[in-house]
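Working notes, structure below.
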Amino acid sequence: MAKKKKKKPNIGSLLKIVKEHFRGKNCKSKSIFELKKTLGMDHIDEEVLKEILDILIDEGTIVCDEGRYQSTAKSEQTVKGILRVHPKGFGFLQSDTPSPDLKEIFIPKHLTFHAVDGDLVEVLVNPDVVSEKGPEGKVTAILKRSRSHMAGIIKTITSNGQYLAYVPLLGARKKVVVEHTGDELQIGDRLVLEVVEWGSESSETVCKMSHYLGHISDPSCDVTAAIEEFGIRSDFPQEVLEEVASFGTTVSSSEVKKRKDLRDLECFTIDPTTAKDFDDAISLTKDQQGYHLGVHIADVSHYVSLGSSLDEEALKRCNSTYFPGKCIPMLPSELSDNLCSLKPNLNRLTSSVFMDFDFQGNLQKYQIFRSVIKSKKRFTYRQAKEVLDGKSSSPHKETLETMVELCLLLKKHRYERGSIEFAMPELVVLIDEKGNPTGTEYIEYDITHQLVEEFMLKTNEVIAKHLSSIGKDLTYRVHDEPAEENLKEFAELARAFGFELPKEPSSRDYQVLFDKALETELGSYLATGFIRRMRLATYSPNNIGHYGLALTHYCHFTSPIRRYIDLIIHRILFGEIDEKTNLAEIALHCSEQERLSAKAEGSVLVLKKLRYLSEIVRKDPYHVFEAVVTKVKNFGFYFELMELMLEGFVHVSSLENDFFVFEERAMRLRGRHTNTLYFPGKKIQVRLTRMDLILMETDWELLSEDGTPLKFTRTPSKKSNIQKKFKGRKKR
């Protein structure tokens, strides 16, 4: 009997089956033996299967590594983490298990699944979509709500008596119904609301009143409302206060004996006028070998011991939050304003860093040890500047002048390595005891600010390099490089402002640009354009360097009274850290809380500015405000009030005197008939016509060059980006 001929397998069919297998979700690597078993291909000759796999390798579908085959396609990945929602509605997720590929995930507004800021969510990452904002994903589940209570303001009372509230956490478009509780409410009442039922994209959120805060017309409750709105911890638990009370009010003599005694050393503090928490004192001598700088930092770790009630509360807060006229401290005032604060003529425990520099400002050697000091003077920046200018006398004048010498040398080194600096003034809103804004003041970033800044930067760098060199894990302050697209966009903006950059600019090119630009009236607006295109600095145990400072090693060590991450560095430095301490978790938490505090601070600052703006217009209803166009889009342009650093927007449809065409490369709008141009840097005049303090919105008239109205336009007011990025320079 003739032997039956073996049927030849269909290569095309097998190829399709194998390819579909490797395209499957969560497909793991396999050997040929495992693949045959998985696909039920035991009858297929191994050489035939090898031929199919080689075809898939050639076309890039799979790869082979040590006899195991794996798909090259990226599979969808599900991650968990805390969602941070931007006021515009989109969000970012910081994965609770971050990896180099998934540091931060961008969530478009329509894919947030009605989650709110602070919620613990599950996100499906789309491997095929990566924008300049990072990998993109969508929220698929809300695992835990961030809160059960929210701050809100009654904005509408319907004809049938229903109360509708504006809840900033949810946004202006979200309908929030407040159930009747027997209390008569009025429009503008600020409340803490308890959530009864979370709404969805199509349904309303239902709340009931927990307690009353005040009315929007009362500025004294602005900070209280922000504390509730952003979930800032304000009151300290009783056990924390009892722990602090046990320290007493003076430094113990037994502890003084354990430390290097520097109480005879000439050292002093230089801080803002309103400061009470003096973290750092400085000393400096000069001899034939060069400069000998001492930076003495409050030894908070001596009082805040690991795992104590005080430590746990400090970790929950992560940082102090600074509102106009009020500070919510990380530590109780008994510590932050007293026992830890380096007040003059009092014994204070410190961690001292002594650095020796040659006459060119090069670091030669350093020492780090625990000490006790007695500050000889509490300078404000203004007082120190008056001494340097010869307007007032001081026994510390010579030391201050020597500090300026070293400061300029350190600045020169920073400039040469490519660090970018903006010596821009800060606009401060002045507040009376009732919370009313009484005026504004520009604080110049003068040489006294700069010398403190340079000395702290150098100290932080030295500590980071020291800990790294001895093999210690630590939390770095990192700043990633900006996206290439953002830098190209900025180059176009610079051209629109009348400045040029090389095709591939270096950090030095940017610094040269800003040195020139900041000599002009409009330079600060160009600097703002650069800042807003930078990534945010964060904390991380993974050192990627600091782009803005052009440093390979940098950490935060110099402000432990008001930053928990600095306290962690002190503990690492002196071997007081628990080996089980999760640095990645602490770094992430501190980064998130820093952002939250910045949002809370910004919210109150905008409201105070609007109140001051309202008072200006109350006194002069036809007050004309000078403004500068800062950004131009195809649908209109943004402007900033020069007087208050508030941002507004003019829609192109309101410019009815002409048809305007957007010229993208030049970043300008051009009137087709009148040839009128609107471009970054152009000065305009506007007049306030309406203000809504509940939504923090304003309406403006755009005035023509002769001062006559052009068209009524509605614009949201926003905090200046200069203020966003530069509030609290110590946050670097």
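Read-outs throughout are calculated quantities, based only on the coordinates presented, and are distinct from any laboratory measurement. On a predicted model such as this, the values are computed, not experimentally measured, just so you know. In this analysis, Cβ positions are derived from the backbone assuming ideal geometry, glycine residues included, and neighbour counts consider all displayed protein chains.
Assorted remarks:
- Equivalent ellipsoid of the chain: semi-axes from √(5λ) of the C-alpha gyration tensor, largest first, are 47, 38, 30 Å.
- Cβ-derived FRET efficiency at R0 60 Å, Ser246 paired with Phe635, nearest 0.05: 0.45
- Over the stretch 518-586, equivalent-ellipsoid semi-axes from the Cα gyration tensor in Å: 33, 13, 10
- Rh by Kirkwood over Cα pairs, then Stokes-Einstein D for the stretch 385-496 at 1.002 mPa s and 20 °C, µm²/s: 118
- As a proxy for reagent exposure, ranking Asp119, Asp446, Asp578 by other Cβ atoms within 10 Å from fewest up yields Asp578, Asp446, Asp119.
- Relative contact order of the chain, pairs being alpha-carbon contacts under 8 Å that are 6 or more residues apart, as %: 9
- In this structure, the amide hydrogen of Leu655, modeled 1.01 Å from its nitrogen in the peptide plane, lies closer than 5 angstrom to no residue at least 5 positions away or on a different chain.
- Panel note: the C-alpha atoms of the stretch 278-382, placed on their principal axes, show extents of 48, 35, 24 Å (largest first).
- The chain - share of DSSP beta bridges that are antiparallel (%, nearest 5): 90
- The packing ranking, built from the mean of other Cβ atoms within 10 Å per residue, places the peptides 63-69, 552-558 in the order 552-558, 63-69, highest first.
- Calculated log₁₀ intensity ratio I(q)/I(0) where the Debye formula runs over C-alpha points of the stretch 261-302, q = 0.15, 0.18, 0.31 Å⁻¹: -0.47, -0.64, -1.13
- Length released on extending from Thr140 to Leu164, taking residue separation times 0.36 nm less the Cα-Cα span: 5.8 nm
- Ratio Rg/Rh [Cα only; Rh per Kirkwood] for the stretch 11-71: 0.90
- Whole-angstrom gap from the stretch 15-70 to the stretch 530-570, using each part's C-alpha centre: 47
- For the Cα trace of the stretch 207-296, dividing Rg by the Kirkwood Rh returns an Rg/Rh value of 1.19.
- Averaging Cα coordinates gives a centre for the stretch 358-385 and one for the stretch 449-466; these two points are 11 Å apart.
- Extents of the stretch 149-217, taken as max minus min of Cα coordinates on every principal axis and listed largest first, are 30, 25, 19 Å.
- Length-normalised contact order for the stretch 584-646 - Cα pairs under 8 Å, 6+ apart - percent: 22
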